[in-house]
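The values are calculated or read from the model by the stated rules, or taken from the named source; none is laboratory data. Just so it is clear, the structure is predicted and the values come from calculations on it, not from any experiment. All Cβ positions, glycine included, derive from the backbone under ideal geometry; neighbour counts span all protein chains shown. Just the protein is used for accessible areas: all its heavy atoms, side chains included, with ligands, DNA and RNA removed. Shrake-Rupley method; radii C 1.70, N 1.55, O 1.52, S 1.80 Å.
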Amino acid sequence: MKKTFVLISLLFAFLLTACVCSKAEKLIESSDTAVSGTDEPFREMCVIRDGMSIFGRIYVPAETAEKLPAVILSHSANVTSDSMKSYCERIAARGVVAYAFDFCGGSKDSRSDGDEADMTVFTEAEDLKAVLEAVSELEYVDSENIFLFGTSQGGLVSAITAAECSSAVKGLILFYPGFNIADMVQKYGGLMPGNAETPFISTLVDYDVYEQIGNFEGDVLIVHGTKDFIVPYSYSEKAAEVYNNCELHLIEGASHGFNAENYAIFGDYDEESWRYVENFLAKHLFE
């Protein structure tokens, strides 16, 4: 069993192989209507970072004279922002702007520019910083009420970005965040021939995740499954000790992913996990 776990962990680290707030060079937003020819409640909005286009979709609630809070959603490794669609729809239904995007080089299916071979946790953080700035400058967004929401590797990236851009982030929502990625790379990266020197691995050597993320002083919500065999929940327990204001919820029996879009393996824990998000947002925005 132990050997199997190590092999799965190695595979996870291999699959993942693929900042100062940076300026978004350009914002490209489509018309105010939904995507042409569909009933989808979003429109496409791309951000340009270092000459690369970051593809995204923004969900905007019904028109209002007031500026709205916003949540920026960052997806897991080897998937796209499609995995965050149901979350975006629920957030927008609560009167909050939601924006989900594809990381540059984040997967073979990414609609953003960039190559998987050049992607690292830190290039993804640069993507998120550019998106954060672009969203904060939208005329209908309240720049003082922007939250970051990330799953797995996107959770790690969100945590790093929040720590580096603390004044621009009101709160942080993390689902099974990949706080073990640096450990996995340091333990097993050198055992994978031909991959030890890839940017993804080389940039994480000697990287202390907890030393970095603890710089974020805002409120944090972490939700993690007790049966997660990819990121053990002990990593989130340690994070909860590092953060000054952290709310940690462990879901008994849940694995890495809480619903079908996020590749839940041992059952659907969508409603339970989402209830924590709704309560967190309500506490900060609607009370």
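Sum up the charges of everything whose Cβ sits under 12 Å from the Cβ of PHE122, counting Lys and Arg as +1 and Asp and Glu as -1, but leave PHE122 out. Present the calculation step by step, with values, prior to reporting the outcome.
Values: positive: LYS129; negative: ASP118, GLU124, GLU126, ASP127, GLU164.
Here the count lands on -4.
Putting +1 on Lys and Arg Cβ atoms and -1 on Asp and Glu Cβ atoms, find which of ALA70, PHE103, GLY114 reaches farthest to the positive end of the dipole of region 39-170.
Checking the options against the dipole of region 39-170, the answer is ALA70.
Highest mean first, what order results for 64-74, 213-223 on Cβ atoms within 10 Å? Can you show the working numbers first?
Working: 64-74: 19.3, 213-223: 21.1.
Per-residue Cβ counts within 10 Å, averaged per peptide and sorted highest first, yield 213-223, 64-74.
For GLU237 paired with LYS108, estimate the spin-label separation in nm (one decimal), with each label point 7 Å from Cα along the Cα-to-Cβ line.
3.7
Based on the Cβ-Cβ distance from ALA117 to THR64, what FRET efficiency comes out when R0 is 30 Å, to the nearest 0.05?
Working: r = 44 Å, r/R0 = 1.46.
Step by step, r from the Cβ atoms, then E = 0.10.
With 27 Å as the limit, write out which pairs from LYS85/LYS238; LYS187/LYS238; LYS129/LYS283 have Cα-Cα distances beyond it, or answer none. Could the numbers behind the result be given before it?
Working: LYS85/LYS238 29 Å; LYS187/LYS238 19 Å; LYS129/LYS283 25 Å.
In this structure, LYS85/LYS238 lie more than 27 Å apart at Cα.
Expressed as a whole percentage, what fraction of the accessible surface of region 104-237 belongs to carbon and sulfur atoms when a 1.4 Å probe is rolled over the protein heavy atoms?
Details: 2050 of 4640 Å².
After summing per-atom areas, the C and S share lands at 44 percent.
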